[in-house]
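Worksheet: the structure to be examined is printed underneath.
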Amino acid sequence: MSVPVTDIQSAREQYTASLRAAGLDAPWMEPGPLIKPKASAMRARAWRWRDIEPLIHRSPEFMAPGRGAERRILRLDNPGVPERTSGHTISVAVQYLLPGEIAPAHRHTPNAIRFMLHGEGAYTTIEGDKFVMRRGDLVVTPSMTWHDHGNEGAGPVIWTDALDSPVVRYLENLAMDPYEGEAQPVRAGAPARHLHYRWEAAHGELQRRQPDPFDDILVEYRDPATGGSVVPALGCYLQMLRPGVRTRAHRETSSAVYHVVSGAGLTEIDGDRVEWGEGDFFAIPPRARHAHANPGTAPAILYSVQDVPLLRALGFYRVES
Ligand SMILES: [Fe+2]
Ligand SMILES: [Fe+2]
């Protein structure tokens with residue numbers, strides 16, 4: 001004796017309704033494997049300095065740094081990623097301050113990393129230690145440290161911020177506190193922590209390193225206190241592609257956002273050719289096959305922020321050449 005199809009269907013519908021009422025989900029009710037491969041929400045893309053520069057210079061017409069919005073930033077937007085940050089783990093922005101302006105002191109759960117791009121007179125005060133930021137300097141603001149920025153120069157200053165805020169958001173721990181008052185009092189003497197990585201030191205290190213086939217010459221900024229990455233989830237790198245170099249391709253489970261400090265070249269990302277020049281940014285999503293080339297006659301210098309430390313800590317870092 002066979003059970004009518006309509007009876008099976010209605011039994012299944014009743015069962016599904018009972019599951020829902022009990023707050024349960026039976027993934028085997030859907031066709032396909034239990035764990036379905038998911039394409040990366042983060043896409044390969046480039047952001048051009050020729051687009052960014054005029055727009056960041058116009059931003060003071062529409063925004064003054066102060067309580068509320070806090071920072072005059074333009075965030076690099078990768079539309080597929082939640083909240084449109086530049087990567088699913090890394091948020092990169094360009095920040096702008098006019099002479100005399102202060103970005104008021106606050107603290108927040110995300111770690112932040114500044115890399116100085118243009119102008120003289122920018123500083124960041126972290127827990128009372130003031131760090132003057134010159135072109136190519138990197139300054140780290142660890143999670144929950146008080147920090148304010150200012151511009152004591154005669155012209156505008158521009159730097160790039162990289163934050164692990166998408167990771168913190170995923171972990172449901174995004175939080176920020178305003179400081180009482182605009183700027184912290186500055187303490188005299190040596191800083192309490194090593195948070196300022198100078199351009200001269202990183203660039204000098206590049207000249208001493210041996211090339212590797214995938215990145216040519218690569219230096220990771222390392223926290224001298226721990227020997228590890230500058231913040232727990234993200235690593236920062238300075239890289240030189242010597243004239244004529246074409247690197248071998250590889251895939252990594254990590255992702256990266258690059259900034260071109262100087263020079264020009266191109267990166268092939270999953271078969272797409274991304275040509276880049278000074279000031280440009282580009283993003284490499286997880287597992288994308290990528291190789292860099294510098295066909296020119298001058299060295300190309302790239303700064304990048306990558307989520308390699310996070311992937312390593314979780315046991316998910318893999319590389320395939
Ligand atoms: Fe901040
Ligand atoms: Fe790579």
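The values are calculated or read from the model by the stated rules, or taken from the named source; none is laboratory data. Keep in mind that what you see is a predicted model, and the values were worked out from it rather than measured. Neighbour counts run over all protein chains shown; Cβ positions are idealised from the backbone, glycine included. When the accessible area is computed, the model is the full protein with side chains, heavy atoms only, and any ligands, DNA or RNA have been set aside. Shrake-Rupley method; radii C 1.70, N 1.55, O 1.52, S 1.80 Å.
Data overview
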| read-out | value |
| --- | --- |
| Residues of the range 267-278 satisfying the condition of being crowded, with 20+ Cβ neighbours inside 10 Å and either more than 14 Å from ligand 2 (Cβ to nearest atom) or in a loop (DSSP other than H, G, I, E, B) (or both) | Trp276 |
| Selection within the range 124-146 - assigned to a strand (DSSP E or B) and either open to solvent by less than 20 Å² (accessible area, probe 1.4 Å) or in contact with a Leu (Cβ under 6 Å, 6 or more places away or on another chain) (or both) | Thr124, Thr125, Ile126, Asp129, Phe131, Met133, Leu138, Val139, Val140, Thr141 |
| Unmet criterion (only one of (1) within 24 Å of Pro142 (Cβ to Cβ); (2) over 21 Å from the mean Cα position of the chain (by Cα); (3) exposed (fewer than 13 other Cβ atoms within 10 Å of the Cβ)) for Glu205 | (3) |
| Options Arg198, Arg114, Arg193: the member that is basic (Lys, Arg), open to solvent by 20 Å² or more (accessible area, probe 1.4 Å) and within 18 Å of Tyr237 (Cα to Cα) | Arg198 |
| Enumeration of residues in the range 16-38 that are more than 24 Å from Thr253 (Cα to Cα) and open to solvent by 100 Å² or more (accessible area, probe 1.4 Å) | Arg20, Leu24, Asp25, Trp28, Glu30, Pro31 |
| Candidate set from the range 65-89 (those that are without any contact (Cβ under 8 Å) to a residue 12 or more places away in the chain and open to solvent by 70 Å² or more (accessible area, probe 1.4 Å)); member that is farthest from the chain's Cα centre (by Cα) | Ala69 |
| Odd one out for Thr297 among (1) over 25 Å from Arg84 (Cβ atoms); (2) of a type in the set (S, T, N, Q); (3) open to solvent by less than 60 Å² (accessible area, probe 1.4 Å) | (3) |
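Residue by residue, here is whether (1) within 16 Å of ligand 1 (Cβ to nearest atom); (2) farther than 30 Å from Ala192 by Cα holds:
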| residue | (1), (2) |
| --- | --- |
| Arg209 | no, no |
| Asp215 | no, yes |
| Arg222 | no, no |
| Ala225 | no, no |
| Leu234 | yes, no |
| Leu238 | no, no |
| Val245 | no, yes |
| Arg248 | no, yes |
| Val257 | no, no |
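One line per residue, one yes/no per condition, for (1) among the hydroxyl-bearing types (Ser, Thr, Tyr); (2) farther than 21 Å from Pro309 by Cβ; (3) within 16 Å of ligand 2 (Cβ to nearest atom):
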site: Leu98; (1), (2), (3): no, yes, no
site: His106; (1), (2), (3): no, yes, no
site: Met116; (1), (2), (3): no, yes, no
site: Gly121; (1), (2), (3): no, yes, no
site: Leu138; (1), (2), (3): no, no, no
site: Ser143; (1), (2), (3): yes, no, no
site: Gly153; (1), (2), (3): no, yes, no
site: Ile158; (1), (2), (3): no, yes, no
